[in-house]
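Undergrad: I am attaching a structure below and will ask some questions about it afterwards.
The values are calculated or read from the model by the stated rules, or taken from the named source; none is laboratory data. Small disclaimer: the values here were computed from a predicted structure and weren't measured. Counting neighbours? That spans all protein chains shown, and the Cβs are built from the backbone with ideal geometry, glycine included.
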Amino acid sequence: RKPIVAVVGRPNVGKSTLFNALAGEMISIVKDTPGITRDRIYADISWLDKNFTLIDTGGIEPDSGDIILSQMREQAQIAIDTADVILFMVDVKQGLVDADSKVADMLRRSHKPVVLVVNKVDSFQKYMADVYEFYNLGIGDPWPISAANRMGIGDMLDEVVRHF
Ligand code: GDP
Ligand code: MG
């Protein structure tokens, strides 16, 4: 079967923007798949000679911090259970927050391959210095992207498919 790549991260970091950017350009099918988890969205993606299924683990309603964290843990656990590679997205403009560290701890303990993606790096010149902070998560190199401006996505995908 095709490898599964799941995108996880806090609300508003840009998971769905990345998903749509990838699906819009390269997709064969985008569909809601009811019954597994509310609002999980799947797309078939091709990159170079590699094919994989991308899952956008959306569906978190921004609410109180505690609820977000428990939903993130649940989401991360689903990704750990079902994905071959986990794309863990953080937001350079928000910086490193506590919920990021907690989810990173979970992902690290799972021993699944994790690609740490730092989104909203709309200008590499302006924001690159802020990207290095995310080394503190202890889950490897941060890959800077701007999902909105479609920057850095090729290098990020190269890193994702390296784990297949
Ligand atoms: P999700 O909750 O993680 O799925 O985040 P969304 O994809 O819904 O995006 C949340 C907000 O961040 C939206 O207003 C997006 O337009 C914005 N956003 C997403 N990617 C970028 C980016 O690369 N740069 C900037 N500046 N904003 C972005
Ligand atoms: Mg979303």
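Undergrad: In this structure, is residue 41 modelled with pLDDT of 90 or more and surrounded by 13 or more Cβ atoms within 10 Å (Cβ to Cβ)?
TA: Spelling it out, it is not the case that residue 41 is modelled with pLDDT of 90 or more and surrounded by 13 or more Cβ atoms within 10 Å (Cβ to Cβ).
Undergrad: Another question about this same structure. Would the range 124-134 turn up any residue that is modelled with pLDDT of 95 or more, on the phi < 0 side of the Ramachandran plot and in contact with a Phe, Trp or Tyr (Cβ under 8 Å, 6 or more places away or on another chain)?
TA: no
Undergrad: Taking the criterion of being closer than 24 Å to residue 82 by Cβ and within 16 Å of ligand 2 (Cβ to nearest atom), would at least one residue in the range 122-138 satisfy it?
TA: Looking through the range 122-138, none of the residues is closer than 24 Å to residue 82 by Cβ and within 16 Å of ligand 2 (Cβ to nearest atom).
Undergrad: Mind checking which residues of the range 140-157 are surrounded by fewer than 18 Cβ atoms within 10 Å (Cβ to Cβ) and in contact (Cβ under 8 Å) with a residue 24 or more places away in the chain?
TA: 140, 141, 148, 149, 150, 151, listed by residue number.
Undergrad: Out of (1) out of contact with any Gly (no Cβ under 8 Å at 6 or more places or on another chain); (2) closer than 14 Å to residue 90 by Cα; (3) buried (at least 20 other Cβ atoms within 10 Å of the Cβ), the odd one out for residue 160 is which?
TA: (2)
Undergrad: In addition: Does the range 126-137 contain any residue that is of a type outside the set (S, T, N, Q), over 23 Å from residue 73 (Cβ atoms) and touching a residue at least 40 places away in the same chain (Cβ under 8 Å)?
TA: no
Undergrad: Still on this structure, please answer the following. May I ask you to list the residues in the range 106-122 that are on the phi < 0 side of the Ramachandran plot and without any contact (Cβ under 8 Å) to a residue 24 or more places away in the chain?
TA: Matches in the range 106-122: 109 only.
Undergrad: Picking from 126, 112, which residue would you name as being surrounded by 13 or more Cβ atoms within 10 Å (Cβ to Cβ) and basic (Lys, Arg)?
TA: The match here is 112.
Undergrad: Of everything in the range 1-20, what is within 11 Å of residue 72 (Cβ to Cβ) and either touching a Ser or Thr at 6+ places or on another chain (Cβ under 8 Å) or acidic (Asp, Glu) (or both)? Give them in sequence order.
TA: The one that is within 11 Å of residue 72 (Cβ to Cβ) and either touching a Ser or Thr at 6+ places or on another chain (Cβ under 8 Å) or acidic (Asp, Glu) (or both): 8.
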